[in-house]
Amino acid sequence: QVQLVESGGGMVQPGGPLRLPCAAPGNVFSFYAMGWYRQAPGKQRELVATITSGGSTNYADSVKGRFTIPRDKAKNTVFLQMNSLKPEDTAVYYCNGILVGAAYWGQGTRVTVSS
């Protein structure tokens, strides 16, 4: 079983930054793809950002230009760097990894954007 562990959630003011780490049990570059999804209250889970093992990235239109998904091989961690946060970014954020055809999820970390 592959366990992904998110952290870094909390409350932040509109316009502020926040970085969410997702720690993996091994080399994050060995995953076929890793990504971040989010689920706002009363809404379905949606894709935020993904990165393939080769480094190709994909972002939801709503976060393009504000979020990035860097990786740190030495720390076995993939991040979600969020800038210029908006109240509509409020959600539980989940880390996802695809390895050997199976998808793994973290437990989620809550982000609240409010003044």
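The values are calculated or read from the model by the stated rules, or taken from the named source; none is laboratory data. Computed from a predicted model, the values in this text were never measured in an experiment. When we count neighbours, we look across all protein chains shown, and the Cβ atoms used for this are built from the backbone with ideal geometry, even at glycine. Side chains included, ligands, DNA and RNA excluded: accessible areas come from the protein's heavy atoms. Shrake-Rupley method; radii C 1.70, N 1.55, O 1.52, S 1.80 Å.
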(message) Filter the range 84-111 down to the residues that are touching an Asp or Glu at 6+ places or on another chain (Cβ under 9 Å) and surrounded by 14 or more Cβ atoms within 10 Å (Cβ to Cβ) and list them by number.
(response) 91, 93, 94, 95, 106, 108, 109, 111
(message) Among the residues that make up the range 42-59, is at least one of them among the small types (Gly, Ala, Ser), in contact with a Gly (Cβ under 7 Å, 6 or more places away or on another chain) and assigned to a loop (DSSP other than H, G, I, E, B)?
(response) no
(request) Tell me which residues, restricted to the range 17-35, are closer than 12 Å to residue 2 by Cβ, part of a strand (DSSP E or B) and open to solvent by 70 Å² or more (accessible area, probe 1.4 Å). (result) none
(message) Take the conditions without any contact (Cβ under 8 Å) to a residue 40 or more places away in the chain, assigned to a loop (DSSP other than H, G, I, E, B), open to solvent by 10 Å² or more (accessible area, probe 1.4 Å) and small (Gly, Ala, Ser) and apply them to residue 65. Does it pass?
(response) yes
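Which residue, of 3, 81, 13, is within 23 Å of residue 115 (Cα to Cα) and either exposed (fewer than 14 other Cβ atoms within 10 Å of the Cβ) or touching a Gly at 6+ places or on another chain (Cβ under 6 Å) (or both)?
Working: 3 fails: within 23 Å of residue 115 (Cα to Cα); 81 fails: either exposed (fewer than 14 other Cβ atoms within 10 Å of the Cβ) or touching a Gly at 6+ places or on another chain (Cβ under 6 Å) (or both).
Selected residue: 13, the only one of 3, 81, 13 that is within 23 Å of residue 115 (Cα to Cα) and either exposed (fewer than 14 other Cβ atoms within 10 Å of the Cβ) or touching a Gly at 6+ places or on another chain (Cβ under 6 Å) (or both).
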(request) Only residues in the range 23-42 that are more than 16 Å from residue 94 (Cβ to Cβ) count as the first member; pair them with residues that are open to solvent by 20 Å² or more (accessible area, probe 1.4 Å) and basic (Lys, Arg), Cβ under 6 angstrom, at least 6 apart or cross-chain, and list the lot. (result) 29/73
(message) Looking at the range 96-103, can you tell me whether even one residue there is of a type in the set (S, T, N, Q), in a strand (DSSP E or B) and out of contact with any helix residue (DSSP H, G or I) (no Cβ under 7 Å at 6 or more places or on another chain)?
(response) yes
